[in-house]
Amino acid sequence: MNRLIASRKRLLRVRDVQHSQTVVALTQARDEASQIASNARRLAEVREALYGDGGATFGGLLASKRELAGRLERAGRQLDGALYDARRKVDERNADRIVADREREIAERLKDKAKAAREAQREARLGALPRYRRMQSKGTEE
């Protein structure tokens, strides 16, 4: 029974480590998604700032602003795709965390169940011990 409890404790430690790893992976994925979102916002602000001054502009300056705006637009689209992928990754990591949490709880219940079985076995042994001694003492009297 002690081996069973030791095995369940080992399983619980493994599940705890797996849960911790999934929580770290989820946190990293969330950080990455928020960083990409922040970059996309900053990129949009820079693009808007290109057309904000509204004063007299020369043709060359207008062409360079237009070229830069086009590049910023393409970069923004790429960031949108990266943000979509990052959010999907966050959802996957969250699902992994839920599974790991469930497995950890199952391992914890198994360990508790093994401990309860060991205690029940001890109680049964202790309960049986006096009867055995009584029977032994009756056998010597006859």
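Every read-out reported here was derived from the displayed coordinates using simple, explicitly stated rules and does not represent laboratory data. From a predicted model like this one, the values you see are computed outputs, not experimental measurements. Note: ideal-geometry Cβ built from the backbone for every residue, glycine included; neighbour counts use all protein chains shown.
Here are a few things to note about the model shown:
- As a summary of the residue check, residue 3 satisfies the conditions (1) under 29 Å from the mean Cα position of the chain (by Cα); (2) within 30 Å of residue 109 (Cα to Cα) except for the one numbered (1).
- The residue that is farthest from residue 47 (Cα to Cα), among those in region 76-95 that are surrounded by fewer than 18 Cβ atoms within 10 Å (Cβ to Cβ) and charged (D, E, K, R), is 92.
- Residue count, region 7-25 (criterion: surrounded by fewer than 13 Cβ atoms within 10 Å (Cβ to Cβ) and under 11 Å from residue 118 (Cβ atoms)): 0
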